[in-house]
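Computed from the coordinates by the stated procedures, all read-outs in this text should not be read as laboratory data. A quick note: this is a predicted structure, and the numbers were derived from the prediction, not measured. Cβ placement follows ideal geometry from the backbone for every residue including glycine, while neighbour counts extend to all protein chains displayed.
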Amino acid sequence: MANSVPLVWTDSLLTGVAEIDLQHRVLVDILSEAQVMLSGDSGTAQFERMTRDLLAYAIYHFAAEERLMQQSGYFIAAPGDYENHLARHRYFSERVVALRDEVRLGKKGVESELLPFLEAWLIHHIQSVDKELGQFVGARALAPDG
Ligand SMILES: [Fe+2]
C-alpha cells in the first residue's frame, strides 16, 4: 500500500457537467485521504468509517447522475447504456459492502485490495460511461430544442 501511486485530480477526468465534476473531485479527495489513512497503522474502526463515508457519498453521487440521466432523456435515447451505467453503480456499492463484510469477519489483507479496486474503478468509470453521459448532456444543451 505504501508504494501505491497517490490518486490526484486531473482535468482529464472532466465530464463537462459541473455538478458531476464537483462530486467526482470529492470522491477523488475521499480516496486520497483514505490512501493516507490506510497506509498507516489503521485499525478496523478506521476502515469501517472510511468505507461508510465513501459509500454514503458514492450513493448520493450515483443518485445525482441517475437523476441527470432521467432529466436529460438519456435513459430513452440510450437505454442499453443507461442500464449498463446503473449496473456499474450497483456493482461498486456491492463490492465495497462485500469487502467491508470481509473485514468484519476478520479476513486479513482486504484493506490492500480495497484502494486499488476503488481507484481503478473510479478512474475507469469516469473516463468511460460518465464522459459518455457528459457528452450527451452537453450536446443536448447545445441543441436548439434542448
Ligand atoms: Fe457514473
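So what is the 222 nm mean residue ellipticity for the chain from helices alone, if each DSSP H run of at least 4 adds -39500 (n - 2.57) and you divide by all residues, rounding to the nearest 500 deg cm²/dmol?
Result for the chain, helices only: -25000 deg cm²/dmol.
L55 to E19: extension gain in nm, 0.36 nm per residue of separation minus the Cα-Cα distance?
In short, 11.1 nm is gained.
Summing +1 for each Lys or Arg and -1 for each Asp or Glu, what net charge is found among the other residues whose Cβ lies under 14 Å from the Cβ of A18?
That sum, taken over residues with Cβ under 14 Å, equals -4.
Which value, in Å to one decimal place, does the Kirkwood hydrodynamic radius take for the chain when every pair of different Cα atoms is included?
16.2 Å
Quick one: what are the phi-derived ³J(HN,Hα) couplings along the range 47-59, Karplus 6.51/-1.76/1.60 with θ = phi - 60°, whole Hz, x for glycine and proline?
4, 4, 5, 4, 5, 5, 4, 4, 4, 4, 6, 4, 5
For an R0 of 25 angstrom, estimate the FRET efficiency from the Cβ-Cβ distance between W121 and A63 and round to the nearest 0.05.
Calculated value: 0.90.
Which order do the peptides 7-14, 95-102 take when ranked by the mean count of other beta-carbon atoms within 10 Å per residue, highest first?
Listed from highest to lowest mean packing, they are 95-102, 7-14.
Relative to the Cα centre, what is the charge dipole magnitude of the range 17-139, using +1 at the beta carbon of each Lys and Arg, -1 at the beta carbon of each Asp and Glu, and rounding to the nearest 20 debye?
Computed charge dipole of the range 17-139: roughly 240 debye.
How much length is gained if the chain between L86 and S12 is pulled fully straight, taking 0.36 nm per residue apart and subtracting their Cα-Cα distance, in nm to one decimal?
Stretched fully, the L86-S12 segment lengthens by 24.4 nm.
On a full-extension model of 0.36 nm per residue, what is the gain between E94 and A141, subtracting their alpha-carbon distance, rounded to one decimal in nm?
That pair, E94 and A141, stretches by 13.6 nm at full extension.
Just add up the charged neighbours of E48: K/R +1, D/E -1, any other residue whose Cβ is under 13 Å from the Cβ of E48.
Net charge around E48: 0.
Mean separation of Cα pairs under 8 Å and 6+ residues apart, divided by the residue count of the chain: what relative contact order is that in percent?
This gives 36 percent for the chain.
By per-residue mean of other Cβ atoms within 10 Å, what is the highest-first order of 113-121, 128-136?
Packing proxy ranking, top to bottom: 128-136, 113-121.
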